[in-house]
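Contents: one structure, followed by commentary.
None of the figures in this text is laboratory data; all of them are computed from the coordinates on show. For clarity, every value in this text was computed on a predicted model and none was experimentally measured. Methodologically, a virtual Cβ is constructed for each residue, glycine included, from the backbone with ideal geometry; neighbour enumeration extends over all protein chains shown.
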Amino acid sequence: MAKKPDSDRSANKSTTPPNFFNKKAADKPIPKRQKSTEIYVTGILGGDRVTLGQAITLIESQHPDHQIQAQSIVEACLPHAGKSFRIGITGTPGVGKSSFIEALGIYLVQQPKKVAVLTIDPTSQKSHGSILGDKTRMQDLSVHPNAFIRPSPAGDSLGGVARKTRETMILCEAAGYEEILVETVGVGQSETAVHSMVDFFLLLLLPGAGDELQGIKRGIVEMSDLIAINKTDGNRITTAKQSQKAYKNALHLLPATDSGWIPPVVTCSALEKTGIPEIWQICSDYRKMTEKNDFFQKKRKKQASYWLHERIQNDLRLHLQTDSTMKTALEHIETAVLSYQKTPFQGAREILQLLIKKN
Ligand code: GDP
């Protein structure tokens with residue numbers, strides 16, 4: 001079973017082992033002789049961070065043996081997962097996401113709550129190492145014993161990264177992490193992936209500029225459960241208050257949400273740590289309200305169904321690409337389609353028939 005959270009030992013931070021946000025430190029190497037699944041699961045359920053880190057590395061590995069073992073670890077952890085509150089945090093680079101997560105995370109670990117921070121960073125696919133993870137970030141949180149920080153896995157498609165993050169979330173929950181913060185850069189498709197795996201979605205904005213100017217994709221504001229105008233400090237306070245009013249008016253014009261929740265617009269400063277307890281109160285109110293009206297559970301079921309279908313499509317595609325018989329058959333059928341000997345629908349039906357016959 002998951003350990004009870006330790007008391008706040010942030011005062012000891014100079015003696016605590018170094019930075020979990022460092023990509024190299026977070027990539028706990030898989031031991032030479034792979035541990036048995038039972039040892040991994042016992043370690044995770046006991047809240048052992050080293051074992052948790054190693055199991056996540058198995059999830060991220062491309063090696064087929066690692067993937068098989070990772071699946072059995074995830075399956076064994078699943079009955080112990082699902083009890084956390086999952087919060088997605090987005091905003092353009094520079095808005096203060098990592099500073100905000102550091103401030104919120106420190107507030108939470110002092111409650112004391114166990115906090116896991118995961119990131120989905122599409123840029124990590126290209127740079128083979130997370131830009132988010134390479135920066136020295138969340139310095140106090142990363143050394144806190146109640147926190148576990150894991151950067152985005154590298155070298156995969158967004159779908160692959162999202163699936164791995166979702167499985168990582170299950171292991172973190174089984175290890176007793178109660179609050180899971182999933183960070184993503186507010187560009188591209190990653191917010192949609194994060195939105196489909198969290199309970200609550202928080203958008204950070206800067207004072208002053210409208211969402212187009214901040215590079216916020218259309219639809220992101222609509223999917224947010226809370227908008228927080230960060231950097232409300234120094235000479236930005238007046239502008240921030242004006243932005244707050246403008247966003248409140250804009251949100252007012254949107255159709256009512258399925259949850260019955262009216263997304264608030266608040267101001268905060270991650271730097272001065274103002275507005276953080278108020279934001280946490282809003283998150284907690286949302287949870288309470290949606291648990292009561294059953295939206296919370298409904299949303300999780302909808303997400304599970306989404307991931308089931310996503311996984312089927314992905315695995316099917318992978319099978320067609322890697323199984324030699326299927327690959328050859330697909331190539332032949334594609335040639336026939338491209339030379340108008342078969343219609344795409346006929347070709348697809350033949351592929352499915354072959355797949356069914358083969359298995
Ligand atoms: P991220 O790219 O969204 O993760 O942003 P960072 O957390 O790295 O912050 C970008 C810059 O903004 C850094 O120089 C931070 O110190 C600064 N910053 C973050 N939050 C605040 C804030 O609330 N107020 C002010 N004045 N600066 C902030």
For segment 82-293 the mean separation of alpha carbon contacts under 8 Å (6+ apart) over residue count, i.e. relative contact order in percent, is 26 percent
For every other residue with a beta carbon closer than 14 angstrom to the beta carbon of residue 350, add +1 if it is Lys or Arg and -1 if Asp or Glu, then tell me the sum.
+2
From phi via Karplus (6.51, -1.76, 1.60), per-residue ³J(HN,Hα) for segment 55-62 in Hz, x at Gly/Pro:
5, 5, 4, 5, 4, 7, 5, 8
A convex hull over the alpha carbons of segment 262-339 yields, per residue, a volume in Å³ of 202 Å³
Expressed as a fraction of 2.2 N^0.38 Å, the rule-of-thumb size for a compact globular protein of N residues, what is the C-alpha radius of gyration of segment 82-293?
0.96
If the viscosity is 0.890 mPa s and the temperature 25 °C, what Stokes-Einstein diffusion coefficient in µm²/s follows for segment 300-358 when Rh is the Kirkwood radius over Cα pairs?
194 µm²/s
Just add up the charged neighbours of residue 316: K/R +1, D/E -1, any other residue whose Cβ is under 12 Å from the Cβ of residue 316.
-1
Residues 306, 107 in order from fewest to most other beta-carbon atoms within 10 Å are 306, 107
Separation in nanometres of the label points that stand 7 Å from Cα toward Cβ, at residue 189 and residue 272:
4.1 nm
Set 114/241; 164/342; 248/288; 299/327 screened for pairs whose C-alpha atoms are more than 31 Å apart
114/241; 164/342; 299/327
Debye sum, Cα scatterers, segment 200-294, no solvent: what log₁₀ I/I(0) at q = 0.17, 0.22, 0.24 1/Å?
-0.74, -1.17, -1.32
In percent, what relative contact order does segment 186-315 have, based on Cα pairs under 8 Å that are 6 or more apart in sequence?
24 percent
Arrange 143, 161 by Cβ neighbour counts within 10 Å, fewest through most, would you?
143, 161
